[in-house]
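Before any comments, here is the structure.
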Amino acid sequence: MTLSRSVAVMSTGHRLFVNIGEDFPEGYRAMLAFERAVRGGPLDPTLYELVKLRASQLNGCAYCVDMHHKDARAAGESEERLYMLPAWREATVYTEAERAALALTEAVTLIAGTHVPEEVEIEARRNFDSESYAALVYAIAAINTWNRLAITSHAVPGKYRPRRASERSS
């Protein structure tokens, strides 16, 4: 380990994990409450995992990509649908609603470029009732926040183990 600009760096070049949740527990508890609210909402769990995985791919969050790929597989998602996710526009394995959610996920995640194009919002609203649409927007906001926290705290990918099916409903 070497110190560079007051940041601890392992010999692999990966910076050491900084436990910001421990350093600011109120913030971490707020994020957990946010996550519970979204997870307990009306979104289909399969769709929710696809949204979390796609946003994590776009944000380059290796920790979250690892987590959500494993969670999706543990929940029964097919390997084909997971490896096709970066090319979902060309793939034929996603439903119309999933495609609308993925388009909205990309637009919100990359919001600085074009904000949310009107046609993307219209298609998402056409496929989801108002409560589900709102839950989808909150789900996208939550995963983008988790991505930023994981990247900034240098969470190490590859160590995550998915929860058992019995633990997912809580």
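Each value in this text was obtained by applying a stated rule to the coordinates, not by laboratory testing. Since the structure is predicted, the reported quantities are computational estimates derived from the model, not experimental observations.
The table below lists the values:
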| quantity | calculated |
| --- | --- |
| Helix-derived mean residue ellipticity, 222 nm - over the chain, DSSP H n ≥ 4, -39500 (n - 2.57), to 500 | -19000 deg cm²/dmol |
| Using θ = phi - 60° and Karplus 6.51 cos²θ - 1.76 cosθ + 1.60, couplings along segment 77-84 (whole Hz; Gly, Pro as x) | 5, 6, 4, 4, 5, 6, 6, 7 |
